[in-house]
1. Can you tell me the FRET efficiency between Gln139 and His86 if r is taken as the Cβ-Cβ distance and R0 is 22 Å, rounded to the nearest 0.05?
2. Say R0 is 30 Å: what FRET efficiency, to the nearest 0.05, do Leu65 and Gln121 get from their beta-carbon distance?
3. Of Tyr52, Tyr82, which has the most accessible area with a 1.4 Å probe, and how do the rest follow in descending order?
Amino acid sequence: REGRPFSNEAVLCLVEQLLIGVWRENEALFPMEDSPAKALVRKASAILEQEYAMQTTIAGLSERLFVSASCLTHCFKRITGYPPKHYQLLCRLAAARRLLATTRQPVAEVASAVGFADANQFIRAFKKHTGIPPGRFRQRI
């Protein structure tokens, strides 16, 4: 759409979710050399993607996966390029972009729905990662 430069962002969010869903449903079609570290990161990232709105700690996540917090953090960062908490933040922001693009929920409700303690914290994080505040993002979609 002309005059709406961020409508592509909404499409990218949907495509990303579609590709993740296709990969998860058909992992056998996408062979990867597996290792214990990759299996650990796959499990951890799946938990973070599903539970992005929860206040998951690295200690709690590592306990659920029966590894130390330092092992989880090291493996996660080596394989994904991000520490687990940053990955969780990216999952929250992706979910927020989807909600902003597809619903009329107020920004404060979106912030709460994706796991931010308050709207101001959400607005700062959103602006830092997208370059614009969530209200303006929604207007441009």
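The values are calculated or read from the model by the stated rules, or taken from the named source; none is laboratory data. On a predicted model such as this, the values are computed, not experimentally measured, just so you know. Using ideal geometry, Cβ is built from the backbone for each residue, glycine included, and neighbour counts are taken over all protein chains shown. All accessible areas refer to the heavy atoms of the entire protein, side chains included, with ligands and DNA or RNA removed. Shrake-Rupley method; radii C 1.70, N 1.55, O 1.52, S 1.80 Å.
1. Numbers: r = 27 Å, r/R0 = 1.25.
For Gln139 and His86, the calculated efficiency is 0.20.
2. On the way: r = 27 Å, r/R0 = 0.90.
Efficiency, rounded to the nearest 0.05: 0.65.
3. Values: Tyr52 55, Tyr82 90 Å².
The ranking, largest first, comes out as Tyr82, Tyr52.
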